[in-house]
C-alpha cells in the first residue's frame with residue numbers, strides 16, 4: 001500500500017508540473033529543458049556514454065528552436081531547419097525500429113551513440129516544443145492532448161493486458177506487453193480522441209483520431225526501444241528520480257519517440273488545409 005501511495009504521489013507531481021507549465025510559455029520551455037537534461041543523463045548511463053557533448057548539442061538545438069520559433073516569433077528560416085531535423089530524426093528512428101525487430105542488441109558503436117542522443121532524444125524534445133508552438137502560436141492544448149492520449153494508451157494497455165492479455169507482443173524485450181493490451185490501449189485512445197477534440201477546440205475529431213493511432217503505434221514502439229536499451233544495460237528502470245515509477249525517461253519514452261511523427265502529421269494537415 002505504501003508503494004502505491006508513493007507511486008501515486010510522484011506521478012501526481014509529474015502531471016501537475018506539466019499541466020501548470022502549460023499556462024505560461026516560458027515555464028514550459030524551462031520545464032522541458034530540465035526534463036531533457038534529466039532524460040539525457042539517464043539515457044547516457046544506459047548506453048554507457050561518458051561524453052559531456054550531448055548536453056551541449058541538446059542545449060544548442062533546444063534553445064535555438066525556442067529562440068527563433070518562439071521568442072523572435074518568426075518562421076523565417078526555422079521551418080526549413082525543422083524540416084531538415086524532422087527528416088533526419090525520422091530516418092534515425094526508423095533505423096532504431098529496424099534494430100528493434102532485426103537485431104538481438106541495438107548496435108552502439110561510438111558514432112551511433114552520438115547520433116542517437118541527438119536525433120532520438122534531443123530532437124524529440126525539440127519537436128515537443130514545436131508541437132506546443134505550432135504555426136508560431138502558443139497552443140499548449142495540442143501538447144496536452146498528445147500527452148493525454150499517451151496516458152490513456154499506457155493505462156488501458158496495462159489494464160486490458162493484465163486482465164485479458166494472452167498473446168505476447170514482444171516477449172524477448174517486454175514480457176508483460178500483450179497484443180490484447182496494445183489493441184486495448186489503441187481502442188481507448190481512439191475514444192479519448194473524441195473528447196479531446198470536443199473539449200480543446202484545436203483539431204477536428206478526424207485529426208485527433210488519426211493522432212491517437214499515431215501516438216499508440218509509435219508510442220508503443222518508443223517504449224519497446226527504450227526497454228531494449230534497458231535490457232542491454234541490464235537494468236529495470238532508466239533512473240530513480242520518480243519513486244515507484246523509475247526514471248523520467250521511463251515516463252517520457254513514448255511521447256519523445258512519437259513527437260516527430262505528431263509534428264509531421266500536423267504539418268501535413270496544415271498543407272492540406
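Here, each number is a calculation from the coordinates, and none is a lab measurement. In this text, all values refer to a predicted model and were calculated from it rather than measured experimentally. Reconstructed Cβ throughout: ideal geometry from the backbone, glycine too, with neighbour counts over all protein chains shown.
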**OP:** Let me know the shape class of the stretch 91-132, please: from the alpha-carbon gyration tensor, a ≥ b ≥ c as square roots of the eigenvalues, rounded when a/c is under 1.5, otherwise prolate if a/b is greater than b/c, or oblate.
**Re:** oblate
Original post:
Using the scaling law 2.2 N^0.38 Å as the reference, what is the normalised Cα Rg of the stretch 2-272?
Top reply: 0.96
Subject >> Förster radius 35 Å - calculated FRET efficiency between residue 84 and residue 8 (Cβ-Cβ, nearest 0.05) >> reply: 0.25
Original post:
Is the stretch 49-174 best put as rounded, prolate or oblate by its Cα gyration tensor, with a ≥ b ≥ c the root eigenvalues, rounded for a/c under 1.5, and otherwise prolate when a/b is larger than b/c, oblate when not?
Top reply: oblate
Subject >> Cut-off 17 Å, label 7 Å out along Cα→Cβ of residue 20, residues of the stretch 225-242 by amide N >> reply: 242
Original post:
Using Cα pairs under 8 angstrom and six or more residues apart, how large is the relative contact order of the stretch 67-183, in percent?
Top reply: 17 percent
Subject >> Residue order, fewest to most beta carbons within 10 Å, for 253, 154 >> reply: 154, 253
Subject >> Neighbour-count order for 251, 231, fewest beta carbons within 10 angstrom listed first >> reply: 231, 251
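Where a ≥ b ≥ c are the square roots of the eigenvalues of the C-alpha gyration tensor, would you call the stretch 20-71 rounded, which needs a/c under 1.5, or, failing that, prolate if a/b is larger than b/c, or oblate?
In terms of gyration-tensor shape, oblate.
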**OP:** Sort 256, 90, 241, 215 so that the residue with the fewest other Cβ atoms within 10 Å of its own Cβ comes first and the one with the most comes last.
**Re:** 90, 241, 256, 215
Subject >> Over the stretch 2-272, relative contact order from alpha-carbon pairs under 8 Å, at least 6 apart, % >> reply: 23 percent
